[in-house]
Amino acid sequence: MSKNTGEAVGAPSDRNTGEPPALRFPAWRKFRRNRGALAGMVLLGALAAAALVAPFVWPFDYARGNLSAQFHAPDLIHWLGTDEFGRDQLARVLYGLRLSLLVGLVAAAINVIIGSIYGGVSGYVGGKTDDAMMRLIEVLYGIPLLLIVMLLMAVFGRGVQNVFIAIGLVYWLGMARIVRGQVLALKESDYVGAARSLGASPVRIIFRHLLPNTLGIVIVAGTLRIPEAIFIEAFLSFVGLGIGEPRASLGSLVAGSLGNLESQPWLLLGPSAAISLLMLAFNFVGDGLRDAFDPQMQR
Amino acid sequence: MLHYLLGRIVQCLVTLWVIATATFFLSKLIPGGPYDTDKLPSAEIRAQIDAYYWLDRPIAVQYWHSMARVARLDLGPSYRFLDQPVQRLIVRHFPPSAILGLLALVISLGLGVPLGIYAALRQNRPGDWLTLGLAILGVSVPNFVLGTVLLYVFVHRLGWFEVGVIAGPQWPSLILPALTLAGFSLAFVTRMTRASMIEVLRRDYVRTAIAKGLPRRRVVWLHSFRNAMLPILTYLGPLAAALLTGSFVVEHIFHIPGLGEFFVQSLDDDPPVVLGVALFYSSLLIIFNLAVDLLYGVVDPRIATGARAQK
């Protein structure tokens with residue numbers, strides 16, 4: 001996606017610092033020059049701000065209905081109309097947006113943690129252990145992961161925490177591979193040898209010396225995980241496995257509008273636009289990050 | 001080659017065994033049994049039902065029994081449909097899903113690849129921008145949103161299609177579900193083809209071919225296209241997975257009595273079906289992935305299939 005249209009490599013802002021520009025965050029500068037990524041950032045910021053500020057500003061509650069105001073079409077009071085319990089649809093959409101962001105962040109964080117530990121141990125210990133651990137990942141890759149998440153949700157039951165756990169537990173495979181690759185490259189470096197000769201334990205080396213140095217790549221890969229997690233949560237809620245009433249998820253809101261499509265089509269607008277814009281923003285940011293850090297990096 | 005194939009088949013079987021084991025124990029944890037908890041039948045009848053499903057044995061015995069049965073391609077009786085073996089239920093529900101999936105696959109590749117090539121040949125011109133814009137939109141709009149919007153616009157508003165009829169003379173009713181199912185993959189394939197094609201068009205041998213004065217059509221289709229297709233081939237595996245999981249959503253929206261909808265309905269109260277469908281889907285994916293890997297070795301002679309196994 002990146003369109004580096006002829007701008008000079010050494011941007012003017014670098015002139016006064018006396019440092020060679022390439023040594024300071026070249027990726028960040030590359031990212032900043034990517035117009036799509038910046039637009040994505042702005043959109044993402046706007047959505048997040050709306051979601052966070054909403055409960056303090058918007059007069060309606062997402063859960064409290066008003067039975068005398070069922071199925072209102074959009075007007076100046078209820079901008080996106082009301083649902084079958086007279087609940088304000090905009091409040092519900094903003095709540096769903098908040099939940100989506102939360103699920104995305106938490107699930108991605110769990111993926112990062114599990115993946116880092118697994119990949120770190122596998123890469124550092126090496127040998128037979130590494131072989132066995134990587135073979136296990138290969139086997140797990142053959143499984144349709146979404147099926148397992150759905151099964152876990154059927155076991156745990158609906159609920160926000162359960163969505164975190166189910167997604168977090170399943171989608172760390174790619175992360176483990178990335179971290180392992182990084183650790184394999186890093187563990188031969190001198191500073192790790194120095195730490196080892198000082199008698200540092202493997203646990204200390206992995207957690208204090210190796211994993212912190214993989215952080216950059218891991219954060220980028222983790223960011224790419226977020227929209228996937230958001231989609232999965234919305235998908236689960238859409239098919240009735242994710243988040244239940246009275247809470248609102250963008251997925252369950254779309255599912256709710258499906259039943260009233262004929263008579264109350266406006267209910268579809270809010271949640272559809274919200275999740276599509278959110279995914280769009282994350283995709284732009286993700287593409288920008290990927291181009292900036294490592295064009296070869298995939299899944 | 002034969003050695004590699006055998007190794008891969010063993011690996012596939014191990015994967016299937018892991019899935020079968022995981023789903024077996026997970027489905028044991030799902031609350032609910034073969035009878036309603038609201039109106040419990042008498043103790044004798046319950047004992048009979050339990051014996052029918054082997055639920056009166058220790059879990060280890062159940063597990064062994066279940067695995068042995070699966071090995072014989074028998075998935076056992078369903079909870080909801082007492083006298084129906086799960087494999088028969090799967091065979092009954094699969095055809096609509098398969099038709100939709102194939103249609104979506106054809107749309108994704110048949111439209112995505114030409115669009116990607118078109119965009120690559122017009123890089124940074126309006127046609128390219130338009131294609132790319134649509135593609136990023138296609139990757140971003142979730143399938144359940146796309147399906148619901150299509151349903152509203154073309155069925156409720158315009159009344160061009162009917163919903164819930166599969167096969168027979170009403171084949172147009174397949175168009176919307178197939179488009180919904182293909183949406184994401186179509187956009188993804190377009191972007192991938194474009195990126196891959198652009199990369200190949202920059203290669204030295206392409207420049208040589210052009211410099212040699214070969215006709216453009218020949219350079220594009222003979223020299224570039226074949227090499228640009230290799231990354232698409234690796235995406236076929238995830239593509240199949242996306243089409244499988246998309247079916248849960250699409251069949252729900254368009255009221256199609258397929259396997260995806262059946263699986264979602266069975267999740268709460270029919271563990272044998274859950275186990276069976278999970279295994280069935282996984283086997284499909286695994287066979288598909290194996291076929292793609294072998295195909296890769298055929299299409300790209302640089303890859304010695306045996307050597308890939310060493311990696």
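Total residues in segment A:205-237 satisfying the condition of being more than 16 Å from the chain's Cα centre (by Cα) and within 14 Å of another protein chain (Cβ to nearest Cβ): the figure is 1. Residues of segment A:250-263 that are within 9 Å of chain B (Cβ to nearest Cβ) and in a loop (DSSP other than H, G, I, E, B): A:Leu261, A:Glu262. Selection of segment B:210-225 for residues being part of a helix (DSSP H, G or I) and over 19 Å from B:Arg122 (Cα atoms) yields only B:Ala211.
Checking the structure you have, find out if any residue of segment B:30-43 is more than 14 Å from chain A (Cβ to nearest Cβ), part of a helix (DSSP H, G or I) and not hydroxyl-bearing (Ser, Thr, Tyr). Yes, because at least one residue in segment B:30-43 is more than 14 Å from chain A (Cβ to nearest Cβ), part of a helix (DSSP H, G or I) and not hydroxyl-bearing (Ser, Thr, Tyr). Among all positions in segment B:287-308, there is no residue which is of a type in the set (Asp, Glu), at negative phi, crowded, with 19+ Cβ neighbours inside 10 Å and not in a helix (DSSP H, G or I). Restricting attention to segment A:269-285, and to residues there that are at the interface with chain B (Cβ under 7 Å from one of its Cβ atoms) and either among the polar types (S, T, N, Q) or under 10 Å from A:Gly81 (Cβ atoms) (or both), which single residue is surrounded by the most Cβ atoms within 10 Å (Cβ to Cβ)? Filtering segment A:269-285 for residues that are at the interface with chain B (Cβ under 7 Å from one of its Cβ atoms) and either among the polar types (S, T, N, Q) or under 10 Å from A:Gly81 (Cβ atoms) (or both), the one surrounded by the most Cβ atoms within 10 Å (Cβ to Cβ) comes out as A:Ser272. Among the residues making up segment A:147-166, those that are farther than 10 Å from A:Ile243 by Cα and either more than 9 Å from chain B (Cβ to nearest Cβ) or surrounded by fewer than 19 Cβ atoms within 10 Å (Cβ to Cβ) (or both) are A:Val149, A:Val155, A:Phe156, A:Phe164, A:Ile165, A:Ala166. Every condition in (1) in contact with a Gly (Cβ under 8 Å, 6 or more places away or on another chain); (2) closer than 22 Å to A:Ile143 by Cβ is met by B:Asp270 except one, and the failing one is (1).
Looking only at residues of segment A:17-42 that are under 30 Å from A:Leu277 (Cβ atoms) and either part of a loop (DSSP other than H, G, I, E, B) or in contact with a Leu (Cβ under 9 Å, 6 or more places away or on another chain) (or both), we find that the one that is modelled with the highest pLDDT is A:Gly40.
Only a single criterion out of (1) of a type outside the set (A, V, I, L, M); (2) crowded, with 24+ Cβ neighbours inside 10 Å; (3) more than 9 Å from chain B (Cβ to nearest Cβ); (4) over 30 Å from A:Gly123 (Cα atoms) is not satisfied by A:Gly288, namely (4). A:Trp266 meets all of the listed conditions (1) over 16 Å from A:Leu90 (Cα atoms); (2) of a type in the set (Phe, Trp, Tyr); (3) within 11 Å of chain B (Cβ to nearest Cβ); (4) over 15 Å from the mean Cα position of the chain (by Cα) but one, namely (1). The numbered conditions (1) surrounded by fewer than 19 Cβ atoms within 10 Å (Cβ to Cβ); (2) in contact (Cβ under 8 Å) with a residue 24 or more places away in the chain; (3) within 14 Å of another protein chain (Cβ to nearest Cβ) are all true for B:Gln265 except (2). Considering A:Ala200, A:Ala229, A:Ala194, A:Ala176, the condition of being touching a helix residue (DSSP H, G or I) at 6+ places or on another chain (Cβ under 9 Å), of a type in the set (A, V, I, L, M, F, W, C), farther than 18 Å from A:Ser100 by Cα and modelled with pLDDT of 90 or more is satisfied by A:Ala176 alone. Note on segment B:231-251: among residues that are at pLDDT 85 or above and within 9 Å of chain A (Cβ to nearest Cβ), the one that is nearest to B:Leu146 (Cα to Cα) is B:Val249. Is segment B:164-186 home to any residue that is surrounded by 12 or more Cβ atoms within 10 Å (Cβ to Cβ), modelled with pLDDT of 85 or more and closer than 15 Å to B:Ile117 by Cβ? Looking through segment B:164-186, at least one residue is surrounded by 12 or more Cβ atoms within 10 Å (Cβ to Cβ), modelled with pLDDT of 85 or more and closer than 15 Å to B:Ile117 by Cβ. The single residue among A:Ala91, A:Ala185, A:Ala108 that is part of a helix (DSSP H, G or I), within 23 Å of A:Arg290 (Cα to Cα), modelled with pLDDT under 90 and away from chain B (no Cβ under 14 Å) turns out to be A:Ala185. Taking first residues from segment A:117-140 that are surrounded by fewer than 16 Cβ atoms within 10 Å (Cβ to Cβ) and partners that are not in a helix (DSSP H, G or I), no Cβ contact under 7 Å between residues at least 6 apart in sequence or on separate chains turns up.
The values are calculated or read from the model by the stated rules, or taken from the named source; none is laboratory data. None of the values given here were measured: they were computed from a predicted structure. Heads up, the Cβs are rebuilt from the backbone with ideal geometry, glycines too, and the neighbour counts pull from every protein chain shown.
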